[in-house]
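First up is the structure itself, then whatever we jot down about it.
Read the figures in this text as sums done on the coordinates, not as results from a lab. Keep in mind it's a predicted model, so treat the numbers as computed, not measured. Cβ sites come from the backbone with ideal geometry, for glycine too, and all protein chains shown count toward neighbours.
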Ligand SMILES: Nc1ncnc2c1ncn2[C@@H]1O[C@H](COP(=O)(O)OP(=O)(O)O)[C@@H](O)[C@H]1O
Ligand SMILES: [Mg+2]
């Protein structure tokens with residue numbers, strides 16, 4: 001479990017370039033949750049998630065992992081990084097090895113695991129992200145954009161993290177590549193049942209899979225709750241440049257026009273259900 | 001940690017110096033550097049030093065910030081000091097085996113150190129108050145005359161501005177890649193020398209790949225906008241001297257005049273009164 005207590009962060013503090021990026025963010029992230037973080041560009045999403053595995057040190061506040069302050073003297077942040085796996089935005093830019101397998105092995109090898117274990121984890125991870133075995137010995141630089149990204153995700157997955165954090169994993173991909181990535185993420189969530197934190201600037205396509213949505217604005221948490229709770233504020237979300245799923249607008253519009261739906265819907269199935277029930281009455 | 005490198009960095013504090021025409025600042029810097037070599041009396045150092053302090057105050061760049069960027073040149077400074085301390089012949093005041101400390105040695109070392117210090121701070125003051133773009137603009141416009149003798153001024157300036165523009169981008173990229181590899185358990189500051197060199201591979205390969213990708217993208221983008229050197233090229237904001245720039249030019253000559261007067265006229269007079277200087 002991760003717990004953030006009033007975490008603040010300022011880039012280059014004490015200079016003319018000082019840039020406050022996070023302001024007293026408090027969050028509780030229990031095990032096994034599927035969380036979406038949304039927010040406009042520059043709202044502090046990337047900065048926030050880099051705190052989760054101790055890559056940046058907060059300029060204020062404390063972060064606890066399983067009850068321990070991760071910036072304690074004797075807390076191993078190197079180990080934390082294997083427990084909280086962080087996939088950066090455009091992770092394919094970090095590939096460097098000569099073959100796909102070798103690149104995925106980088107993480108587990110850094111953990112000083114036995115050879116067999118390393119190989120096992122590597123193949124498992126590659127299989128989960130849907131990279132077929134004829135690509136194992138290919139150069140990562142010869143793959144397509146979507147494949148590269150899945151290899152990079154496998155590189156983090158092979159460390160068997162308890163929490164997997166992905167920063168805008170679908171950015172810059174074509175619809176097919178995007179679907180493959182999202183499928184891989186859902187498969188990870190299903191197979192491993194770990195905590196997954198998905199960062200995105202739009203949440204329409206994942207709204208129905210996540211348990212919880214956190215909305216960031218100007219370095220603070222603006223909303224935090226189930227998709228339904230969050231998207232109920234679709235008007236306010238629009239003001240900060242975020243969109244709710246289309247069905248939310250549709251059901252909201254119906255309610256405005258006097259159709260007695262009990263609430264706004266966040267998924268198509270839910271909306272269909274509501275409307276059906278309304279029609280029967 | 002990479003962000004600690006401040007040489008050549010721009011510090012936006014919006015002072016008068018920031019608003020000066022880059023040509024003025026380039027000329028100022030050149031003149032200041034040259035002036036370092038025309039004086040050799042105590043009074044000369046006072047004039048040069050005071051001028052620098054005033055300029056730093058006007059620039060509103062914290063002195064601490066400037067000095068922080070000097071880490072890389074500290075070694076050079078100390079090396080010069082030591083070399084001058086022990087290699088100058090003259091009146092010996094302390095000796096240990098072959099090491100001789102002379103009165104002249106101390107004098108040269110202190111003055112040489114000061115001179116270097118002025119030089120470095122003086123030129124970083126220019127880069128701190130001038131964006132890379134302004135700087136190359138200034139160079140290109142200032143050296144326009146050289147085109148007549150077939151010096152590719154525009155091309156050189158364009159290359160320089162691209163290089164300067166890419167420094168922060170590559171630093172940022174390095175920072176990001178290091179973080180990304182650290183997230184995969186990479187360790188950069190532990191282990192034996194061999195391990196540390198090996199740990200650089202996961203940084204440098206992605207860095208080179210990204211540098212080539214960016215260069216390629218940029219070339220493509222320039223081509224797409226029909227870039228073909230400065231043939232018929234016009235500027236959106238051509239450099240134009242303002243009143244304040246003329247004043248700044250004038251002040252440069254005032255500085256030079258004061259320096260030479262102090263050094264050549266006042267100092268000999270003063271030495272007569274206070275011989276130890
Ligand atoms: N390395 C950095 N140095 C200085 N400022 C930064 C850096 N990275 C991000 N910022 C600033 O911090 C704020 C939050 O950025 P970020 O966390 O990247 O937002 P997001 O991921 O939501 O787009 C932005 O205003 C951004 O300009
Ligand atoms: Mg981001």
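Across segment A:189-281, C-alpha contacts under 8 Å between residues 6 or more apart give a mean separation that, scaled by the residue count, equals a relative contact order of 21 percent. Between residue A:31 and residue B:221, the FRET efficiency estimated from the beta carbon spacing at R0 = 45 angstrom works out to 0.45. Taking a ≥ b ≥ c as the square roots of the eigenvalues of the Cα gyration tensor, chain A is classed as oblate, since a/c reaches at least 1.5 and a/b does not exceed b/c.
Put a dot 7 Å past the Cα of residue B:240, heading toward its Cβ, do the same for residue B:166, and the two dots end up 3.5 nm apart.
From the square roots a ≥ b ≥ c of the eigenvalues of the alpha-carbon gyration tensor of segment A:89-208, which class results: rounded (a/c under 1.5), prolate (a/b over b/c), or oblate? Verdict is oblate for segment A:89-208. With only the Cα atoms considered, segment A:1-84 has a convex hull volume of 99 Å³ per residue.
With a Förster radius of 30 Å applied to the beta-carbon distance between residue A:112 and residue A:64, the computed FRET efficiency rounds to 0.70. Of all DSSP-defined beta bridges confined to chain A, some 50% are antiparallel rather than parallel.
Highest GNM mean-square fluctuation among A:53, A:193, A:115, for chain A modelled with Cα contacts below 10 Å: A:115. Once the Cα atoms are used to define both axes, helix B:132-142 deviates from the longest principal axis of chain B by about 70 degrees. Among B:232, B:84, B:216, the residue with the largest mean-square fluctuation in a Gaussian network model of chain B, with springs joining Cα atoms closer than 10 Å, is B:232.
Model label points for residue B:257 and residue A:268, set 7 angstrom from Cα along the Cα-to-Cβ axis, are 8.3 nm apart. Among A:22, A:237, A:116, the largest mean-square fluctuation in a Gaussian network model of chain A (Cα springs under 10 Å) belongs to A:116.
Axis angle, to the nearest 10 degrees, between helix A:115-128 and the longest C-alpha principal axis of chain A: 30 degrees.
The alpha carbon gyration tensor of segment B:133-277 gives principal lengths a ≥ b ≥ c with a/c of 1.5 or higher and a/b no greater than b/c, which makes the shape oblate. Kirkwood radius for segment B:226-277, taken over all pairs of different Cα atoms as the inverse mean of 1/r, rounds to 15.3 Å.
Taking the fewest neighbouring Cβ atoms within 10 Å as the starting point, the ordered list for A:232, B:225 is B:225, A:232. Note on the protein assembly as shown: semi-axes of the ellipsoid equivalent to its C-alpha gyration tensor, largest first and rounded to whole Å, are 57, 30, 24. Over segment B:95-208, all Cα pairs binned in 10 Å intervals from 0 give whole-percent P(r) values of 11, 20, 18, 24, 21, 6, listed from short to long.
What is the antiparallel percent of DSSP beta bridges lying wholly in the protein assembly as shown, to the nearest 5? Once the DSSP bridges in the protein assembly as shown are tallied, antiparallel ones form about 55 percent.
Computed on chain A, with alpha-carbon pairs under 8 angstrom and 6+ residues apart, the relative contact order is 22 percent.
Taken as Cα centroids, segment B:205-222 and segment B:10-25 sit 31 Å apart, rounded to the nearest whole angstrom. Fewest neighbouring Cβ atoms within 10 Å first, the residues A:202, A:76, A:46 line up as A:76, A:202, A:46. Compute the helix-to-body angle for B:71-87: its Cα long axis versus the longest principal axis of chain B, expressed 0 to 90° and rounded to tens. Tilt relative to chain B: about 30 degrees.
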